[in-house]
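Participant: The structure under discussion is supplied below as structure tokens; questions concerning it will follow.
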Amino acid sequence: MKKRNWMAMAVAAIMMTGCAGLGTGNGTNGGILDGIDAGSALGNILGSVLGINKVSETSIIGTWKYAGPGCAFTSDNLLAKAGGEVAAQKVKTQLQSYYSSVGISSSNTYITFKEDKTFSGKVDGKSLSGTYTLDVNSGQITLKTLLLSMNGFVNLNTTGMSLLFESQKLLTVLQTLGAVSGNSSIAAIGELSKNYSGVRIGFDMAR
């Protein structure tokens with residue numbers, strides 16, 4: 001009974017955010033929902049609301065390949081979070097064009113987490129390796145390399161795992177790797193989050 005109440009609240013949240021000017025999906029009013037697959041958005045919302053996104057030390061072990069742009073909003077308020085999940089679909093669409101212009105793909109972007117707390121991988125074909133620590137309560141992960149230390153967040157979902165960063169942090173990572181030096185599309189990532197409150201962006205990963 002409790003689970004049904006949560007689901008009902010999530011559906012209600014979609015309706016409320018739509019009425020608040022997020023759009024209708026028909027492409028006529030310029031709302032944030034325009035062009036979004038409603039079924040996909042609902043699935044993401046229920047995934048978060050029902051609490052299936054918990055991360056553990058063992059759940060991230062293995063190799064994860066880039067599957068698409070990742071995005072999540074940080075609000076703990078249920079209605080705001082549901083609205084954020086819907087809006088995240090729009091952000092992902094924008095990120096896709098940026099990532100594609102750089103050439104990021106599943107063949108050149110991946111990460112492997114090992115049980116000994118080391119990781120290795122590539123971003124746009126540029127190698128990255130070091131150590132990591134994971135806070136299972138918050139989902140925060142700290143990746144340390146010879147060049148930099150960066151805080152991100154991991155979130156398990158119905159299709160795999162999201163590896164997300166504050167937008168400026170992701171931009172710093174990409175620039176440090178030299179993957180996108182001077183690229184205007186990736187520079188736009190730093191501006192993207194200014195249009196949204198409490199957004200984290202990065203990569204959706206799959207095994």
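Participant: Over the Cα atoms, compute the radius of gyration (one decimal) and Dmax (the largest Cα-Cα distance, rounded to a whole number) for segment 82-126, in Å.
Facilitator: Here Rg and the maximum Cα pair distance are 14.3, 38 Å.
Participant: Ranking request for peptides 54-62, 166-174: highest mean number of other beta-carbon atoms within 10 Å first, then the rest in descending order.
Facilitator: 166-174, 54-62
Participant: Rg and Dmax in Å for segment 60-169, alpha carbons only: what are they?
Facilitator: Spelled out, the Cα radius of gyration and Dmax of segment 60-169 are 14.3, 41 Å.
Rule-based calculations on the coordinates, nothing more; no lab input. Owing to the predicted nature of the structure, the values given are computational and were not obtained by experimental measurement. Cβ: placed from backbone, ideal geometry, glycine included. Neighbour counts: every protein chain shown.
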